[in-house]
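Notes for the one structure printed next.
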Amino acid sequence: MANNTKKELRNLVIYSVYVRNHSEEGTFAGVEKDLDRIKNLGTDVVWFMPTYPIGKKNKKGSLGCPYAIADYRGVNPEYGTREEFEHLIEEIHKRGMKCMMDVVYNHTSPDSWLSENRPDYFYKKADGSFGNKTGDWGDVIDLDYNNKELWDYQIETLCQWAELVDGFRCDVAPLVPVAFWIKAREAVEKVKPGFIWLAETVEPCFIRDNRKLGQVGQSDGEMYQAFDMEYDYDIWEYRDMYLAGEIPLKAYVKILNQQHITYPDNYVKMRCLENHDQRRAKAAIPNESDLINWTAFMFFQQGSALIYAGQETENDRTPSLFDIDKVDWNTGKDISGILTKLAQIKKKDIMAFGAYRLYADEVTDTVIGEYEMEGRKMVGAFALKSQEANVKVDLPDGVYTNLLDGSKICVSAERMKIYGRPVIIEA
């Protein structure tokens, strides 16, 4: 685990923004107009998907993918000027939030500044041409980290951006040597102590496939040497298997509990129901009552929580990365109130430092979770199929207040009755 990773990062709420599609303008200024609403959700960190110029060669869609970067040190003119980006960051900071940038260091666009000026920084195929080693990524070419001069250039770039922002979300981080990330972290820490590092760690099958091909494919455990937070893709397939009815709830809960003995004591997972690479939560969980239970459960799990813009209005269509495809802010749905309440609960110290465990009531598809710290407890119950249940809890008899809606919850003979809605109580 990174030596200076703080457990308090588990209290964070992160809000993901794709500038192109966030507002009608599709600009930095358009996002700036929305900062007060974003803050009011309980957001601590605004994460911008890549804000760099996009390559034109082999581009996907009409505008290209933001992850096919043409210049790591530039700003996408589609979004505005660098000065406007800096002003947006200033406004984020004024509201007491932090700003996180996307870092895409496995590859660039084929027509990037680096490919034209430093072709020796790139992986070459047998015929000597540029290429990529992983996936159907025809709009990018891979960098070659066997060249240590590339390390110096990339770290210099990170240190420049660290003067402005407070954290990096690092795209497919396990495909870049962990030794590079460790060195980068050390350098950036000198520029801005307490900088936040989030790794997009990958699914187990992706790691296996890369290793089979003799390529870099590092595990979550390895990546924690350099990073504070990681994606929870290590358990993502189990969630989808449960939703598809392929495994029982008990099996899903077991793998979630397994994380706590697999990783270091101060590990931090970023929990999410959706992101720009996955289907919308509303598409996976169409029933609104179920979705609210799942949302509350996601926030309750130990780790930071991600809101992907549009999640609060229950967008159900996965937007394109390659074209103008605006977030629908007028769906007629709005779960902002529950998100704000969950964010407030997320900031309680017991959620960062408490001993944590989950249980499954398979009869009613209800997850029960508990935190315990210094004689205090927090207990949550989440009816993933919105069923009424009388679940077992380790609490004294009494009447408690549901932190989510103020309703009274009775515990009798170690049983708690719930009515298809999420419950979080303190004792």
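Of note:
- Residue, least open to solvent (accessible area, probe 1.4 Å), within segment 362-404, restricted to residues that are in contact (Cβ under 8 Å) with a residue 40 or more places away in the chain and of a type in the set (D, E): D365
- Beta carbons closer than 6 Å, at least 6 apart along the sequence or on distinct chains, pair a first residue in segment 123-138 that is free of Cβ contacts under 8 Å to residues at least 12 places away in the same chain with a second that is open to solvent by less than 50 Å² (accessible area, probe 1.4 Å) and in a loop (DSSP other than H, G, I, E, B) for K125/G131.
- Any hit, segment 2-9, residues being in a helix (DSSP H, G or I), open to solvent by less than 30 Å² (accessible area, probe 1.4 Å) and in contact (Cβ under 8 Å) with a residue 40 or more places away in the chain: yes
- Any hit, segment 251-263, residues being surrounded by 20 or more Cβ atoms within 10 Å (Cβ to Cβ), modelled with pLDDT of 95 or more and not in a helix (DSSP H, G or I): no
- Condition broken by S289, with the remaining ones in (1) open to solvent by 40 Å² or more (accessible area, probe 1.4 Å); (2) in a loop (DSSP other than H, G, I, E, B) satisfied: (2)
- Residues of segment 94-105 that turn out to be open to solvent by less than 70 Å² (accessible area, probe 1.4 Å) and either in contact with a His (Cβ under 8 Å, 6 or more places away or on another chain) or without any contact (Cβ under 8 Å) to a residue 12 or more places away in the chain (or both), as a count: 1
- Those residues of segment 178-219 which are part of a helix (DSSP H, G or I) and open to solvent by less than 10 Å² (accessible area, probe 1.4 Å), in sequence order: F180, W181, A184, V188, N210
- Any hit, segment 312-321, residues being under 24 Å from Q259 (Cα atoms) and not small (G, A, S): no
- Residues that are farther than 14 Å from I69 by Cβ, among the hydrophobic types (A, V, I, L, M, F, W, C) and open to solvent by less than 60 Å² (accessible area, probe 1.4 Å) within segment 106-133 are absent altogether.
- Out of V46, V31, one residue alone is at pLDDT 95 or above, crowded, with 22+ Cβ neighbours inside 10 Å and part of a helix (DSSP H, G or I). It is V31.
- E91 vs. criteria modelled with pLDDT of 95 or more, in contact with an Asp or Glu (Cβ under 6 Å, 6 or more places away or on another chain) and of a type in the set (D, E): yes
- Scanning segment 236-255 for residues that are touching a Phe, Trp or Tyr at 6+ places or on another chain (Cβ under 8 Å) and closer than 20 Å to G369 by Cα gives Y238, R239, Y242, I247, P248, L249, A251, Y252, V253, I255.
The values are calculated or read from the model by the stated rules, or taken from the named source; none is laboratory data. Please read all numbers here as calculations on a predicted model, not as lab measurements. Cβ sites come from the backbone with ideal geometry, for glycine too, and all protein chains shown count toward neighbours. Just so you know, the surface numbers come from the protein's heavy atoms only, side chains and all, with ligands and any DNA or RNA stripped out. Shrake-Rupley method; radii C 1.70, N 1.55, O 1.52, S 1.80 Å.
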